[in-house]
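Colleague: The structure that follows is given in the form of structure tokens.
The values are calculated or read from the model by the stated rules, or taken from the named source; none is laboratory data. None of the values given here were measured: they were computed from a predicted structure. Reconstructed Cβ throughout: ideal geometry from the backbone, glycine too, with neighbour counts over all protein chains shown. Calculation scope for accessible area: heavy atoms of the full protein, side chains included, ligands and nucleic acids excluded. Shrake-Rupley method; radii C 1.70, N 1.55, O 1.52, S 1.80 Å.
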Amino acid sequence: MNSDRIYLDHNATTPVDPRVLEVMLPFFNDRFGNAASRNHAYGWEAEESVELAREQVANLIGADPKEIVFTSGATESNNLAIKSVAEKFDGHPGHVISCETEHRAVLDPLRSLEKAGLQVTYLQVDSEGLIDLKELESAMSEHTILISVMIANNETGVLQPVAQISQLARKRNIPFMTDATQAVGKIPVDVKAMGIDLLSFSAHKMYGPKGVGALYVRSGMKIGSQIDGGGHERGMRSGTLNVPGIVGMGKACELCEEQMQEDANKLKTMRNKLEQGLLQVTGTKRNGHESERLPHVSNLSFEGIDGEKLLLSLSEIAVSQGSACTSATVEPSHVLKSMGVPDELAFSSLRFGLGRFTTAEEIDLATEKLKLAIEQLRSQ
Ligand code: PMP
């Protein structure tokens, strides 16, 4: 990695682990076969490698390999799940329950379905970012066809009470889907124990390559397709499989399974050190629940400071203001807004995301540089 820079934006994306890259490389040249070619060894070896990856991916989330559908990433997985459930439903206008702080990869498909008549309830969150289970319960009706609430928020790391949500959903026979893009590979996720019917995630958030992801579809759950043509992935997602990407995702999942706990312990200590260091600066506030949170994420507001100016003055430190996927807009973060954070404080907030290769030295240096930059901006 570039040694002059400090990368603390692992919620946006992660570097590919060298061990992942190593297993991917042969699939670009020597082993370039199409996993759907049934008549020769090139195809067979590609298919075998895809099936091994399917097992590795399934193992990480406690699923059966047959329940994994490979996609191009979490955006596609969310679209596939949400639109397919909504389409399958006919009769009265269906109703979906989601949450205001979801990623746009969930909110935008819902908004486009709303235009076609779907009714959506967006649950609010409290000042710590958590939904109210009573509010969820009272939003459920006989017309509810899906509940979609993420496990971990991409801006704050806040963890929703997913196991309790799924219990409530199950009592009413409502399918429960979760966008687990920020959670899988970082904290234990078990689809069976957590009662999940549909779960989406992406390789590039867990030290795998970009452009590949998966949707877990609980066996017995029937969904349609959004991309037709060839009937790949048991008809749920057609198109020649991205074999190198899938092989990489499989290896990334295997590595996460092996070292997730070790990574989390190490990162939590470093995250807490960074946070405690910065909270010493007057006017710094943490956004999001202190303990119900991913171990490697911190979202902080620096009162009176323009977050963008702070970022510009720290060009060697890669952190993000809100979510990278909505950075084209100048709106304050919809997540912080929903938590009741005033616009001015939301604009002064930064998201820190530590990762597997972050070092203690980097954290010390980043804390020092940030403190200095805040002091300088305040004295101007
Ligand atoms: N959901 C969440 C919570 C995310 O953080 C992201 C990535 N920013 C996505 C979905 C979209 O993932 P992808 O880039 O793989 O489509």
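Colleague: For the chain, what proportion of DSSP beta bridges, expressed in % and rounded to the nearest 5, is antiparallel?
Modeller: Given both bridge residues lie in the chain, the antiparallel proportion sits at roughly 55 percent.
Colleague: Can you tell me how much longer the chain between R5 and F89 gets when fully stretched, taken as 0.36 nm per residue apart minus their C-alpha distance, in nm with one decimal?
Modeller: Additional length available on full extension: 25.2 nm.
Colleague: If you don't mind, another one. Would you mind telling me the share, in percent, of accessible area of the chain contributed by carbon and sulfur at probe 1.4 angstrom?
Modeller: 50
Colleague: Tell me the relative contact order for the range 117-191 as a rounded percent, counting alpha carbon contacts under 8 Å between residues six or more apart.
Modeller: Relative CO of the range 117-191 lands at 29 percent.
Colleague: Moving on to the next point. Can you give me the span-like helices of the chain, meaning DSSP H runs with 30 Å or more of Cα extent along the axis and Kyte-Doolittle mean at or above -0.5?
Modeller: 243-279
Colleague: Over the range 114-261, average the accessible area per residue using a 1.4 Å probe and give it in Å², no decimals.
Modeller: 38
Colleague: List the pairs from K192/K285; K186/K210; K171/K222; K134/K205 whose alpha-carbon separation is above 25 Å, in the order I gave them.
Modeller: The answer is K192/K285; K134/K205.
Colleague: Okay, moving on. At 0.36 nm per residue, minus the direct Cα-Cα distance, what do Q164 and D132 gain on full extension? Give it in nm, one decimal, please.
Modeller: 10.4 nm
Colleague: Scan the chain and report its longest stretch carrying no trypsin sites (Lys or Arg not before Pro) that are both in a DSSP loop and have at most 15 other Cβ atoms within 10 Å.
Modeller: My reading of the result: 223-380 is the longest stretch.
Colleague: While we're looking at this one, here's another question. State the extension gain, in nm to one decimal, for the chain segment bounded by F32 and E290, taking 0.36 nm per residue of separation less the distance between their alpha-carbons.
Modeller: Fully extending the segment from F32 to E290 adds 88.2 nm.
Colleague: With a cap of 16 neighbouring Cβ atoms within 10 Å, and only residues DSSP puts in a loop, list the GluC sites (Glu not before Pro) found in the range 233-326.
Modeller: E290, E292, E303, E316
Colleague: Too long at a 30 Å Cα-Cα cut-off: which of K268/K371; K66/K115; K83/K337?
Modeller: Long pairs (Cα-Cα over 30 Å): K66/K115.
Colleague: When the helix-only estimate is applied to the chain (DSSP H runs of n ≥ 4, each -39,500 (n - 2.57), divided by the residue count), what is the mean residue ellipticity at 222 nm, nearest 500 deg cm²/dmol?
Modeller: Taken over the chain, the calculation gives -12000 deg cm²/dmol.
Colleague: Hey, another quick one. Taking the Cα centre of the chain as the origin, how large is its charge dipole in debye, to the nearest 20, when only Lys and Arg (+1) and Asp and Glu (-1) carry charge on their Cβ atoms?
Modeller: Dipole about the Cα centre, nearest 20: 400 debye.
Colleague: While we're looking at this one, here's another question. Of T359, V184, G157, whose Cα points farthest to the positive end of the dipole of the chain (charges on the beta-carbon: +1 Lys, Arg; -1 Asp, Glu; origin at the Cα centre)?
Modeller: Of the listed residues, the answer is V184.
Colleague: By the gyration tensor of its Cα atoms, with a ≥ b ≥ c the square roots of the eigenvalues, what is the shape of the range 259-351: rounded for a/c under 1.5, prolate for a/b over b/c, or oblate? Don't skip to the answer; put the middle values down first.
Modeller: Values: a/c = 1.56, a/b = 1.51, b/c = 1.03.
Verdict is prolate for the range 259-351.
Colleague: Is the range 127-264 best put as rounded, prolate or oblate by its Cα gyration tensor, with a ≥ b ≥ c the root eigenvalues, rounded for a/c under 1.5, and otherwise prolate when a/b is larger than b/c, oblate when not?
Modeller: Judged from the Cα gyration tensor, the range 127-264 comes out oblate (a/c at least 1.5, b/c at or above a/b).
Colleague: Relative contact order for the chain using alpha-carbon pairs under 8 Å, separation at least 6, rounded to a whole percent?
Modeller: Numbers: 733 pairs, mean separation 87.3, N = 380.
For the chain, the relative contact order is 23 percent.
Colleague: For Q380 and E257, FRET efficiency with R0 = 35 Å and r from the beta-carbon atoms, rounded to 0.05?
Modeller: 0.10
Colleague: Going by the alpha-carbon gyration tensor, a ≥ b ≥ c the square roots of its eigenvalues, is the chain rounded (a/c under 1.5) or, if a/c is not under 1.5, prolate (a/b greater than b/c) versus oblate? Intermediate values should be presented prior to the final figure.
Modeller: Details: a/c = 2.07, a/b = 1.25, b/c = 1.66.
Note, shape of the chain comes out oblate.
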